[in-house]
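The values are calculated or read from the model by the stated rules, or taken from the named source; none is laboratory data. Keep in mind it's a predicted model, so treat the numbers as computed, not measured. We place every Cβ from the backbone using ideal geometry, glycine too, and count neighbours over all the protein chains shown. Note: areas computed on protein heavy atoms with side chains; ligands, DNA, RNA excluded. Shrake-Rupley method; radii C 1.70, N 1.55, O 1.52, S 1.80 Å.
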Amino acid sequence: MKTQSALASNVLFNYVFSPLNITAAVETFLAYQNFGANNAPPTLGMNVVLGNGDFEMSGVFYGPTGDFTAVIQPLLDAVPQQPKSKSINTYDWLGILKQLAGSDGSLNTSTKADVADVSDTFYAKSLMIDEDAPLKKTAL
């Protein structure tokens, strides 16, 4: 294993496209899928959440904001509409770790987590596809 130096600049981002009809949602997903397969650098971690008329793209870019803008712009140009909202924030290394840690932002690992009082119920579903067989428009 080879470690890397902590980066001084990291971008936490979120784009929400809404309201979307089925055609716009499919075209947005195809643009996202194509970008991930052909243009996304290894310094970009990104996910999509599809909701009730919303298409949300969020994640972290490990590098400076200027580089992030250059990386993400081709994807934004490929989707059929401008985002309804966006959030782009830059953090240092500890700052991005605190953001990714969740609501309390705590990085304290010196004590055992108190999980006995935490309960959550939800439903989730995932679809994994082969890299060589991306989803087609008709399937979406």
Study note, to complete from the structure: The correct pair for the chain, radius of gyration to one decimal and Dmax as a whole number, both in Å and from Cα atoms, is 17.4, 51
Point to revise | Where trypsin sites (Lys or Arg not before Pro) in DSSP loops with at most 10 other Cβ within 10 Å are excluded, longest remaining stretch of the chain | key: 3-111
Revision key, fill the gap. Highest GNM mean-square fluctuation among TYR15, TYR91, TYR123, for the chain with Cα springs under 10 Å, belongs to TYR123
Practice item. First check a/c for region 52-111, with a ≥ b ≥ c the square roots of the eigenvalues of its C-alpha gyration tensor; if it is under 1.5, answer rounded, and if not, answer prolate when a/b is larger than b/c or oblate otherwise. Key: oblate
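Give me the 1.4 Å probe accessible area per residue for the chain, excluding ligands and nucleic acids, in Å². Spell out each step's value before the answer.
Values: 10010 Å² over 140 residues.
Result: 71 Å² of accessible area for each residue.
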